[in-house]
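Reviewing the structure listed below.
The values are calculated or read from the model by the stated rules, or taken from the named source; none is laboratory data. Remember, predicted model here, so these are calculated numbers, not experimental data. Cβ placement follows ideal geometry from the backbone for every residue including glycine, while neighbour counts extend to all protein chains displayed. Calculation scope for accessible area: heavy atoms of the full protein, side chains included, ligands and nucleic acids excluded. Shrake-Rupley method; radii C 1.70, N 1.55, O 1.52, S 1.80 Å.
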Amino acid sequence: MLECEGIDVFYDDLQALWGVSLSVEAGEIVALIGSNGAGKTTILRTIAGLSKPAKGDIKFDGVSLSKKPAYDIVDLGIALVPEGRKLFGSMTVLENLELGAFTGRARGEKNATMKWVYEVFPLLEERRNQTAVTLSGGQQQMLAIGRALMSQPKLLLLDEPSLGLAPLVVQMIFDVIEQINQRGVSVLLVEQNAHAALERAARAYVVENGRVVGHDTGQNMLRHEHVKSAYLGGV
Amino acid sequence: MPIDALTQGLVFGILVGALYGLAAVGLSLVFGVMRVLNVAHGELLMIGGYASFWFFSLYGIDPFVSLAATIPTLFVIGIVLHRGLFVHVTKLREEDRIKNSLLMGFGLALILDNLAIRLWTADERSITTVYSGAAASLMGVSLPYVRVGSLLFALVAILALHLFLTRTYIGRSIRATAEDWEAAAIVGINVDRTYLLAFAIGTALAGAAGALVSVGYSINPGIGLEWTLKALIVIVLAGMGSVGGTLAGGLLLGAVESVSVYFIGGAYREVVGLVMFLLVLLLRPKGLFGN
Ligand SMILES: Nc1ncnc2c1ncn2[C@@H]1O[C@H](COP(=O)(O)OP(=O)(O)OP(=O)(O)O)[C@@H](O)[C@H]1O
Ligand SMILES: [Mg+2]
């Protein structure tokens, strides 16, 4: 459903991605692993339309995304849970969720989607009148995912959702990702916590220095020598 | 008797302060949403004042009635200025927007000042309606109808803006863009269109303030800088982030100015605001009511 075909991406004069190709099929969880500065965030930002590829193309269900603005891409069914969450801090949980359903397609079904989000994250319903900045890190991550779900995505892009969270919360976030996936939402997951990501991913790509250097099933990746030594702490 | 003069001064200060608030709210909205500091904001106010003046002089339309035309006129001027000029600044990184918008704003202010002199001469203008001299009197304090009407209009306009920003989907998209434009973009907000809307609303608010200035006070092609300064002082006093806070900042500036006239004389009226500006910047950079 998603195809990146040889994309180059620049930040001003600085090239961050070189000929990156990857795909996500309907219903899949796909993981992106790689060290700091490898270009994982840039890949997700480019798919979401925040950066534009200088070369190559991105296609979603056959539609080219490379010239589309971010707001059209959300409407087509791609939602980003960004690095650092980027919540609307001074707004309440409810306002954040409502803004998640900003696009025409999602707004009409706002209430039904919100019911689902509250089922996935009951805590958000309890805290719905609290401002986002007053939430704990884990709760903020739940809200960031909930806000993305409000747009009724077919593909969810998650950028390090477990970063900085306590182990129990991390476990819960991964469970939720699987739960969302079982509802038919495809997932492209960037994770420092490579082990947890590979265990759940159908396929994974390794990104190094702005290039895709490896691609295999999640299970095979877990046994791969280079992946083990570089990303799984050598075990 | 001297206390009466103080009370009277304070009342006049609050009445003009509402216009400071109205002028500042538009500038604050544009700055908060776009990170663009439009130093030609006072010129937009001046144009609103002339629009109102000519509606009255040429067609005899009451200045409070013609607000219904002045505000949309300035809204459209805002769209044109954004499309032609300020949109280019919004393409820059946030860090570079302020200094570039300053240059652009100064240029625009010069052009508009000179254009206004060419078109309308440097004469001082003000609207004199049949009720212009009339005033209510409350416990010995005079309350000129036009200025009280202006205060009421400013309050209603600011309340309407507040409700728009907090209660409507479009208003919330403006606040969302102000908080984090990338976050706004990924929830599906058209950030460029939101910038355009914010700038047009900011210009319309400046125009409304100008119309009220031309009826309660007076206008000439040179008032732009003075009003930009007032608006900036109010924003620094009040801090960013709340429409109500900005109004309070305007009222406070008006009140402090007029009380200072009572104690230290009119010569220092303009200086007092600047001193407050510096004090707040030094002691409480987030502003008195900022968050
Ligand atoms: N806004 C930016 N401006 C300039 N260069 C950037 C910007 N964002 C990222 N880069 C550069 O692009 C490259 C890829 O960064 P990116 O954030 O995509 O990596 P990442 O794999 O997500 O890293 P991390 O694991 O630290 O999040 C890095 O060299 C980084 O310095
Ligand atoms: Mg990253």
**Complete:** Residues of the range B:198-233 with backbone N under 14 Å of the label point set 7 Å from the Cα of B:ILE117 along Cα→Cβ are B:220-225
**Item:** Calculated over the range B:1-117: convex hull of Cα atoms, volume per residue (Å³)
**Value:** 150
**Over chain A: helical MRE at 222 nm, DSSP H runs n ≥ 4 each giving -39500 (n - 2.57), nearest 500** = -11000 deg cm²/dmol
**Message:** Which one, B:VAL259, B:VAL130, B:VAL146, has the greatest fluctuation when you compute a Gaussian network model over chain B with C-alpha springs under 10 angstrom?
**Reply:** B:VAL130
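Kyte-Doolittle cut-off 0.0, length cut-off 20 Å along the helix's own axis using Cα: show which whole DSSP H helices in chain B pass.
Working: long enough: B:2-34 (47 Å, 1.74); B:41-59 (27 Å, 0.79); B:63-81 (25 Å, 2.15); B:94-120 (38 Å, 0.44); B:145-167 (32 Å, 1.71); B:191-216 (37 Å, 1.33); B:223-238 (22 Å, 1.96); B:243-264 (31 Å, 1.54); B:269-283 (22 Å, 2.39).
Qualifying helices, which must be both long enough and hydrophobic enough, are B:2-34, B:41-59, B:63-81, B:94-120, B:145-167, B:191-216, B:223-238, B:243-264, B:269-283.
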**Message:** Could you report the accessible area of B:ASP62 in Å², rounded to 10, computed with a 1.4 Å probe on the protein chains as they sit in the structure?
**Reply:** 40
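Keeping the other protein chains in place, figure out the carbon and sulfur percent of the accessible area of the range B:1-107, with a 1.4 Å probe. Show your work: numbers first, answer last.
Details: 3240 of 4340 Å².
Carbon-and-sulfur percentage of accessible area, whole number: 75.
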**Message:** Under 10 Å, Cα contacts only: if you run a Gaussian network model on chain B, which one of B:VAL141, B:VAL11, B:VAL25 comes out with the highest mean-square fluctuation?
**Reply:** B:VAL141
**Asked** Could you work out Rg/(2.2 N^0.38 Å) for the range B:69-144, with Rg from alpha carbons only?
**Response** 1.72
**Message:** Only helices at least 20 Å long along their own axis, judged from Cα atoms, and with Kyte-Doolittle mean hydropathy of 0.0 or greater: name those in chain A from DSSP H.
**Reply:** A:167-182
**Message:** Suppose R0 equals 35 Å. What FRET efficiency, 1/(1 + (r/R0)^6) with r the Cβ-Cβ distance, do B:GLN8 and B:LEU163 give to the nearest 0.05?
**Reply:** 0.55
**Request:** Using Cα positions and a limit of under 16 Å, work out the lysines in reach of B:LYS230, with same-chain residues fewer than 8 apart set aside.
**Result:** none
**Request:** Would you kindly find the accessible area of B:LEU283, with a 1.4 Å probe and non-protein molecules such as ligands, DNA and RNA excluded, rounding to the nearest 10 Å²?
**Result:** 140
**Prompt:** What is the spin-label model distance, in nm, from B:GLU95 to B:VAL148 if the labels are put 7 Å beyond Cα along the C-beta direction?
**Reply:** 5.4
**Item:** Of B:ILE61, A:ALA201, B:TRP227, farthest towards positive along the dipole that unit charges on Lys, Arg, Asp, Glu beta carbons give the protein assembly as shown
**Value:** B:ILE61
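For the protein assembly as shown, build the convex hull from the C-alpha positions and give me its volume per residue in Å³.
Numbers: hull volume 89.8 nm³, N = 526.
Considering the Cα atoms of the protein assembly as shown, their hull volume per residue is 171 Å³.
Could you state the orientation-averaged shadow area of the convex hull built on the Cα atoms of the range B:42-194, in nm² to one decimal?
12.2
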**Request:** Using protein chains only (no ligands, no nucleic acids) and a 1.4 Å probe, work out which residues of the range A:72-95 have their accessible area cut by at least 30 Å² relative to the chain alone.
**Result:** A:VAL74, A:LYS86, A:PHE88, A:MET91, A:GLU95
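So for A:GLU126, A:GLU25, what's the accessible-area order with a 1.4 Å probe, most first?
Details: A:GLU126 140, A:GLU25 80 Å².
From most accessible down to least: A:GLU126, A:GLU25.
For n ≥ 4 DSSP H runs only, could you compute -39500 (n - 2.57) per run for chain B, divide by its residues and tell me the 222 nm figure to the nearest 500?
Working: 12 runs with 221 residues, N = 291.
My calculation for chain B gives -26000 deg cm²/dmol from helical runs alone.
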**Among A:ARG211, A:ARG223, A:ARG128, residue whose mean-square fluctuation peaks in a GNM of chain A (springs only between Cα atoms under 10 Å)** = A:ARG223
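Can you give the % of DSSP beta bridges in the protein assembly as shown that are antiparallel, to the nearest 5? Intermediate results must be reported in sequence, preceding the final value.
On the way: 26 of 43 bridges.
Rounded to the nearest five, the antiparallel share is 60 percent.
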**Complete:** In Å², rounded to a whole number, the accessible area per residue of chain B with probe 1.4 Å is 43
**Message:** To make sure I understand the rule: partners must be aspartates and glutamates, Cα under 13 Å from the Cα of A:LYS55, and not fewer than 8 residues away in the same chain. Which ones qualify?
**Reply:** A:GLU5, A:ASP8
**Request:** Please compute P(r) over all alpha-carbon pairs of the range B:125-218, binned at 5 Å starting from zero, and give each bin as a whole-number percent.
**Result:** 3, 12, 16, 17, 12, 10, 9, 8, 6, 4, 2, 0
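Considering all projection directions equally, how large on average is the shadow of the alpha-carbon convex hull of chain A, in square nanometres?
Details: hull surface 48.1 nm².
So the mean shadow area of the Cα hull is 12.0 nm².
Determine the alpha carbon to alpha carbon distance for each of A:LYS67/A:LYS228; A:LYS86/A:LYS228; A:LYS86/A:LYS154; A:LYS52/B:LYS286 and list only those over 26 Å. List each step's numbers first, then the result.
On the way: A:LYS67/A:LYS228 38 Å; A:LYS86/A:LYS228 32 Å; A:LYS86/A:LYS154 21 Å; A:LYS52/B:LYS286 36 Å.
From A:LYS67/A:LYS228; A:LYS86/A:LYS228; A:LYS86/A:LYS154; A:LYS52/B:LYS286, over 26 Å: A:LYS67/A:LYS228; A:LYS86/A:LYS228; A:LYS52/B:LYS286.
With r defined as the distance between the Cβ atoms of B:VAL141 and B:ALA68 and R0 fixed at 45 Å, what FRET efficiency is calculated, to the nearest 0.05?
On the way: r = 31 Å, r/R0 = 0.69.
The calculated FRET efficiency here is 0.90.
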**Message:** To check my understanding: the extent here is largest minus smallest coordinate of the Cα atoms along each principal axis. What are those three numbers for the range A:7-143, in Å, largest first?
**Reply:** 45, 32, 27
